[in-house]
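Trainee: First, the structure itself, so that you have it in front of you.
The values are calculated or read from the model by the stated rules, or taken from the named source; none is laboratory data. Note that the structure is a prediction, hence the values are computed from the model and not measured. Cβ atoms come from the backbone with ideal geometry, glycine included; neighbour counts cover every protein chain shown.
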Amino acid sequence: MSVARRVVLVAVGAMAIVIGLGLIALLRSEGVPGPEPSTPSELVEETLLLQVLDGEGYALGNVVLGIEPPDARPETVFLALPSSLLVPAGDDSITLGNTSSSADTLAAVNAVQDGVGVRIDAGIILERLAFAGLVDAVDGLWVDLDRPVLLPTVGDGQWRTLGPGLVKMDGIAAADYAVMRLPGETEQARIDRFLGILEETLARLPRTSEQMRQLLTSLGSLAQTTVPTEDLVPFFMQVRADVVSERTQSQTLPVTVIRGGLRPASVAGPEAPTLVQSLFADARMTTGSGG
């Protein structure tokens with residue numbers, strides 16, 4: 001056999017071996033599923049439960065704030081929760097206003113998740129002086145009063161009268177006016193006043209992340225949070241931007257009052273689930289499933 005013929009035979013044989021090994025590998029791989037393509041985690045709206053206490057430590061101001069994910073149209077949702085709302089507390093129930101007295105910093109967060117059915121990513125409780133500090137940091141607020149308002153001062157047991165008309169409120173005055181009950185006023189009117197003071201304050205918060213961080217840190221122990229202050233900075237920056245640009249909507253959870261008096265009690269009304277679903281579709285939880 002010539003040398004050229006031997007070379008051809010060797011080449012053909014090598015090619016046959018390669019083809020054969022390829023067929024074997026192909027047959028062995030049949031029926032074996034390949035790795036699933038990775039998909040990015042779904043972006044959902046973020047939520048924060050913000051509470052403002054009165055001088056007695058009762059949470060008269062309660063609101064769930066929700067901001068849309070980065071890929072959605074910017075908007076901040078305010079869902080005000082009446083302080084009278086009964087929420088789960090172990091095997092019992094208490095009003096939302098009383099959750100601030102718990103030693104557990106997650107008490108209100110868990111109560112709202114269980115009772116309202118909204119996932120809460122973070123919570124912040126502002127004592128009277130903490131909310132006053134926020135207002136003072138933005139140089140006070142101008143408020144148009146339709147009647148004279150009697151407000152307490154700090155520490156000395158004195159009272160002062162503001163209004164009627166346009167008055168500039170310092171932090172203490174605004175903190176009290178935001179949550180106090182005025183004679184003859186409905187609960188919805190009080191909640192609307194609280195939301196108005198809160199939104200005006202949020203709109204005037206610092207414009208840079210560093211200034212926002214410094215302000216939130218300066219509140220110290222008067223502001224109890226469930227997450228590090230650093231995590232709250234981008235949330236409040238987005239809320240501020242939305243309020244300034246009027247990209248907000250505000251609603252109040254409908255309730256049915258079952259006990260009157262100075263500290264009333266109520267339960268969520270039949271329209272509440274539909275409202276919560278419309279506002280927090282990405283953050284809905286089944287009531288009773290909170291941790």
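Trainee: Give me the pairs, please: first residue somewhere in segment 108-128 and farther than 20 Å from residue 86 by Cα, second residue anywhere and basic (Lys, Arg) and assigned to a helix (DSSP H, G or I), beta-carbon distance under 8 Å, and either six or more positions apart or on two chains.
Mentor: none
Trainee: Would you point out which residue out of 253, 182, 195 is of a type in the set (A, V, I, L, M, F, W, C) and in contact with a Leu (Cβ under 6 Å, 6 or more places away or on another chain)?
Mentor: Testing whether each residue is of a type in the set (A, V, I, L, M, F, W, C) and in contact with a Leu (Cβ under 6 Å, 6 or more places away or on another chain) leaves just 253.
Trainee: Could you please tell me which pairs satisfy a Cβ distance under 8 Å, a separation of 6+ or placement on different chains, a first residue in segment 75-95 that is over 25 Å from residue 198 (Cα atoms) and in contact (Cβ under 8 Å) with a residue 60 or more places away in the chain, and a second residue that is aliphatic (A, V, I, L, M) and not in a loop (DSSP other than H, G, I, E, B)?
Mentor: Note: pairs meeting the criteria are 88/111.
Trainee: Follow-up question, since we're still on this one. Name the residue, out of 186, 225, 248, 286, that is surrounded by fewer than 18 Cβ atoms within 10 Å (Cβ to Cβ) and at pLDDT 95 or above.
Mentor: 225 is the lone residue from the list that is surrounded by fewer than 18 Cβ atoms within 10 Å (Cβ to Cβ) and at pLDDT 95 or above.
Trainee: Mind checking whether some residue in segment 75-88 is surrounded by fewer than 20 Cβ atoms within 10 Å (Cβ to Cβ), over 19 Å from the mean Cα position of the chain (by Cα), among the hydrophobic types (A, V, I, L, M, F, W, C) and more than 14 Å from residue 48 (Cα to Cα)?
Mentor: no
Trainee: Determine if segment 91-100 includes at least one residue that is under 30 Å from residue 272 (Cα atoms), surrounded by fewer than 17 Cβ atoms within 10 Å (Cβ to Cβ) and of a type in the set (A, V, I, L, M).
Mentor: No, because not a single residue in segment 91-100 is under 30 Å from residue 272 (Cα atoms), surrounded by fewer than 17 Cβ atoms within 10 Å (Cβ to Cβ) and of a type in the set (A, V, I, L, M).
Trainee: With 217, 208, 201 as the choices, which residue is surrounded by fewer than 18 Cβ atoms within 10 Å (Cβ to Cβ), among the polar types (S, T, N, Q) and closer than 24 Å to residue 248 by Cα?
Mentor: 208
Trainee: Also: Please find, among 84, 102, the residue that is at pLDDT 95 or above, out of contact with any Lys or Arg (no Cβ under 7 Å at 6 or more places or on another chain) and among the small types (Gly, Ala, Ser).
Mentor: Selected residue: 84, the only one of 84, 102 that is at pLDDT 95 or above, out of contact with any Lys or Arg (no Cβ under 7 Å at 6 or more places or on another chain) and among the small types (Gly, Ala, Ser).
Trainee: Continuing with the same structure: Among the residues of segment 193-213, is any closer than 24 Å to residue 101 by Cβ and small (Gly, Ala, Ser)?
Mentor: Scanning segment 193-213 turns up no residue that is closer than 24 Å to residue 101 by Cβ and small (Gly, Ala, Ser).
Table: residues versus (1) under 27 Å from the mean Cα position of the chain (by Cα); (2) within 23 Å of residue 82 (Cβ to Cβ).
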site	(1), (2)
153	no, no
168	no, no
172	yes, no
186	yes, yes
200	yes, yes
215	yes, no
234	yes, no
237	yes, no
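Trainee: Follow-up. Kindly list the number of the only condition in (1) out of contact with any Leu (no Cβ under 6 Å at 6 or more places or on another chain); (2) surrounded by 19 or more Cβ atoms within 10 Å (Cβ to Cβ); (3) in contact (Cβ under 8 Å) with a residue 60 or more places away in the chain that fails for residue 68.
Mentor: So the condition that residue 68 fails would be (3).
Trainee: Okay, next question. I need the full set of residues from segment 106-142 which are more than 15 Å from the chain's Cα centre (by Cα) and among the basic types (Lys, Arg), in order please.
Mentor: Selection gives 128 alone.
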